[in-house]
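The values are calculated or read from the model by the stated rules, or taken from the named source; none is laboratory data. Values in this document were obtained by computation on a predicted structure and should not be read as measured data. With ideal geometry, Cβ positions are generated from the backbone for all residues, glycine too; neighbour counts draw on all protein chains shown. In case anyone asks, the SASA skips ligands and DNA or RNA and just uses the protein heavy atoms, side chains included. Shrake-Rupley method; radii C 1.70, N 1.55, O 1.52, S 1.80 Å.
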Amino acid sequence: QVQLVESGGGLVQVGGSLRLSCAASGRTFYHMGWFRQAPGKEREFVSSISWGGTITYYTDSVKGRFTISRDNAKNTVYLQMDNLRPEDTAVYYCAADLDTRLGISRDPGRYDYWGQGTQVTVSS
(Lines give C-alpha, C1' and ligand atoms only; values in the text may rest on other atoms or scores of the structure.)
Protein backbone atom coordinates (compact mmCIF):
# COMPACT_ATOMS: atom_id res chain seq x y z
CA GLN A 1 0.00 0.00 0.00
CA VAL A 2 1.27 3.46 -0.93
CA GLN A 3 -0.21 6.76 0.20
CA LEU A 4 0.56 9.88 -1.82
CA VAL A 5 -0.09 13.44 -0.68
CA GLU A 6 0.47 16.39 -3.01
CA SER A 7 1.11 19.95 -1.91
CA GLY A 8 2.37 23.22 -3.31
CA GLY A 9 -0.45 24.17 -5.64
CA GLY A 10 -1.94 27.64 -5.72
CA LEU A 11 -2.67 30.75 -7.72
CA VAL A 12 0.16 32.31 -9.70
CA GLN A 13 0.44 34.86 -12.47
CA VAL A 14 1.60 34.10 -15.98
CA GLY A 15 5.36 33.60 -16.01
CA GLY A 16 5.47 32.69 -12.35
CA SER A 17 6.70 29.54 -10.67
CA LEU A 18 5.42 26.87 -8.32
CA ARG A 19 6.97 23.73 -6.87
CA LEU A 20 4.70 20.80 -6.29
CA SER A 21 5.64 18.11 -3.80
CA CYS A 22 4.36 14.57 -3.49
CA ALA A 23 5.09 12.84 -0.20
CA ALA A 24 4.85 9.07 -0.23
CA SER A 25 4.48 6.52 2.52
CA GLY A 26 4.63 2.77 2.36
CA ARG A 27 6.87 1.17 -0.24
CA THR A 28 9.65 3.40 -1.49
CA PHE A 29 10.95 1.85 -4.72
CA TYR A 30 8.68 2.84 -7.55
CA HIS A 31 8.56 5.03 -10.61
CA MET A 32 6.62 8.26 -10.16
CA GLY A 33 4.58 10.39 -12.49
CA TRP A 34 2.76 13.70 -12.54
CA PHE A 35 -0.50 14.08 -14.43
CA ARG A 36 -2.96 16.93 -14.71
CA GLN A 37 -6.62 17.39 -15.50
CA ALA A 38 -8.19 20.63 -16.61
CA PRO A 39 -11.97 21.23 -16.40
CA GLY A 40 -13.77 19.38 -19.17
CA LYS A 41 -10.62 17.60 -20.33
CA GLU A 42 -9.16 14.17 -19.85
CA ARG A 43 -6.30 13.54 -17.46
CA GLU A 44 -3.01 14.00 -19.28
CA PHE A 45 0.57 13.01 -18.67
CA VAL A 46 2.98 15.73 -17.56
CA SER A 47 6.19 14.07 -16.43
CA SER A 48 7.62 10.89 -14.95
CA ILE A 49 10.82 9.81 -13.23
CA SER A 50 12.43 6.44 -12.65
CA TRP A 51 12.79 5.11 -9.12
CA GLY A 52 16.52 5.92 -9.17
CA GLY A 53 15.92 9.38 -10.57
CA THR A 54 18.15 8.89 -13.60
CA ILE A 55 15.48 8.77 -16.32
CA THR A 56 12.81 11.40 -16.88
CA TYR A 57 10.07 12.01 -19.44
CA TYR A 58 8.15 15.21 -20.15
CA THR A 59 5.22 16.01 -22.34
CA ASP A 60 6.24 18.38 -25.12
CA SER A 61 4.26 21.35 -23.81
CA VAL A 62 6.25 21.51 -20.55
CA LYS A 63 9.74 20.67 -21.79
CA GLY A 64 12.19 23.38 -20.78
CA ARG A 65 9.74 24.82 -18.22
CA PHE A 66 9.06 21.95 -15.77
CA THR A 67 11.59 19.82 -13.94
CA ILE A 68 10.81 16.59 -12.11
CA SER A 69 13.08 15.34 -9.34
CA ARG A 70 12.96 13.07 -6.34
CA ASP A 71 14.57 12.67 -2.95
CA ASN A 72 14.23 9.03 -1.98
CA ALA A 73 15.62 9.71 1.49
CA LYS A 74 12.55 11.89 2.06
CA ASN A 75 10.18 9.72 -0.03
CA THR A 76 9.24 12.85 -1.94
CA VAL A 77 8.93 13.72 -5.61
CA TYR A 78 8.93 17.30 -6.84
CA LEU A 79 7.68 19.12 -9.92
CA GLN A 80 9.31 22.51 -10.37
CA MET A 81 7.13 24.55 -12.71
CA ASP A 82 8.58 27.72 -14.20
CA ASN A 83 7.29 30.20 -16.77
CA LEU A 84 3.75 29.08 -16.12
CA ARG A 85 1.06 29.67 -18.70
CA PRO A 86 -2.75 29.86 -18.43
CA GLU A 87 -2.99 26.50 -20.20
CA ASP A 88 -1.11 24.90 -17.28
CA THR A 89 -4.16 25.51 -15.10
CA ALA A 90 -5.38 22.13 -13.84
CA VAL A 91 -5.53 19.78 -10.92
CA TYR A 92 -2.15 18.08 -10.68
CA TYR A 93 -1.88 14.49 -9.48
CA CYS A 94 1.12 12.42 -8.57
CA ALA A 95 1.06 8.69 -9.11
CA ALA A 96 3.20 5.66 -8.29
CA ASP A 97 4.05 2.78 -10.62
CA LEU A 98 5.18 -0.17 -8.51
CA ASP A 99 6.47 -2.31 -11.39
CA THR A 100 10.07 -1.14 -11.61
CA ARG A 101 10.93 -4.09 -13.87
CA LEU A 102 9.56 -1.94 -16.68
CA GLY A 103 10.71 1.49 -17.77
CA ILE A 104 8.86 4.64 -16.81
CA SER A 105 5.61 5.34 -18.61
CA ARG A 106 3.34 8.10 -19.88
CA ASP A 107 0.31 5.79 -19.62
CA PRO A 108 -1.89 6.54 -16.58
CA GLY A 109 -3.04 2.91 -16.69
CA ARG A 110 0.42 1.82 -15.60
CA TYR A 111 0.19 3.66 -12.29
CA ASP A 112 -1.09 1.86 -9.24
CA TYR A 113 -1.62 4.62 -6.67
CA TRP A 114 -2.74 8.22 -6.98
CA GLY A 115 -2.76 11.25 -4.76
CA GLN A 116 -5.80 13.43 -4.17
CA GLY A 117 -4.56 16.25 -6.41
CA THR A 118 -3.56 19.85 -5.92
CA GLN A 119 -5.02 22.80 -7.83
CA VAL A 120 -2.75 24.99 -9.94
CA THR A 121 -4.28 28.15 -11.35
CA VAL A 122 -2.34 30.46 -13.65
CA SER A 123 -3.95 33.85 -14.09
CA SER A 124 -3.37 36.23 -16.95
R0 = 25 Å: FRET efficiency of Ser69 with Glu44, Cβ-based, nearest 0.05? 0.75
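With the contact rule set at Cα under 8 Å and sequence spacing of 6 or more, what percent relative contact order holds for the range 3-123?
Working: 298 pairs, mean separation 44.9, N = 121.
This gives 37 percent for the range 3-123.
Looking at the range 29-90, which GluC sites (Glu not before Pro) are in a loop (DSSP not H, G, I, E or B) and have at most 16 other Cβ atoms within 10 Å?
Details: sites: Glu42, Glu44, Glu87; in loops: Glu42.
Qualifying residues, ordered by number: Glu42.
Determine the per residue accessible area of the chain with all protein chains present and a 1.4 angstrom probe, expressed in square angstrom. Before the final figure, lay out each step's value.
Numbers: 6230 Å² over 124 residues.
Accessible surface, normalised per residue, equals 50 Å².
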Between Leu102 and Ser7, how many nm apart are label points set 7 Å from Cα along the C-beta direction? 3.2 nm
Per the 1.4 Å probe, what fraction of the accessible area of the chain, in percent, lies on carbon and sulfur atoms? 48 percent
Computed ³J(HN,Hα) along the range 5-16: with the Karplus parameters 6.51/-1.76/1.60, θ = phi - 60°, integer Hz and x for glycine or proline, the list is 10, 8, 7, x, x, x, 9, 9, 7, 3, x, x
Whose amide H sits under 5 Å from the amide H of Leu98, counting only residues 5 or more places off or on another chain, with H placed in the peptide plane? Asp112
